[in-house]
1. If R₀ is 25 angstrom, what is the calculated FRET efficiency for the pair ASP52 and SER6, using the beta carbon separation as r and rounding to 0.05?
2. Taking the highest mean first, how do the peptides 60-72, 33-45 order by number of other beta carbon atoms within 10 angstrom per residue?
3. For region 8-93, what is the percent of antiparallel DSSP beta bridges, rounded to the nearest 5?
4. Would you please put 86-92, 9-15 in order of how densely packed they are, using the mean number of other Cβ atoms within 10 angstrom per residue and starting with the highest?
5. Would you work out the relative contact order for region 8-93, in percent, from Cα pairs under 8 angstrom that are 6 or more residues apart?
Amino acid sequence: MFATQSRQTFSGTITDEECPIADHSGMRMGSTDAACAIACVDDHTVPFVLFDGEATYLLSDQDKSREFAGKKVAVVGTLDSNTQTIQVTSMAAAE
């Protein structure tokens, strides 16, 4: 049984599971946060995640996440609280 909530909006930064606090200085896999996140995903086969300042969420849409790597976004979707995965409905740059 899935523990799913209703659709909601999550705000945070798209990063990778290796650098979940969105600070890429320790990894130095690229010259920018976006480049580091993409390199970590590609080289270490880890997923993109959303970091909201406190919690980290896996994202169902990894292709869309790549487009926004290193950026603040608003993600609309439903959260599976068992896996901490957001089933992404939409993703857009945060204002």
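Read-outs: derived from the displayed coordinates by stated rules, not from any lab. The model shown is predicted, which means the values in this text are computed figures rather than measured ones. Counting neighbours? That spans all protein chains shown, and the Cβs are built from the backbone with ideal geometry, glycine included.
1. Result of the calculation: an efficiency of 0.90.
2. Descending packing order for the listed peptides: 33-45, 60-72.
3. Bridges in region 8-93 are about 90 percent antiparallel.
4. 9-15, 86-92
5. Dividing the mean separation by the residue count of region 8-93 yields 33 percent.
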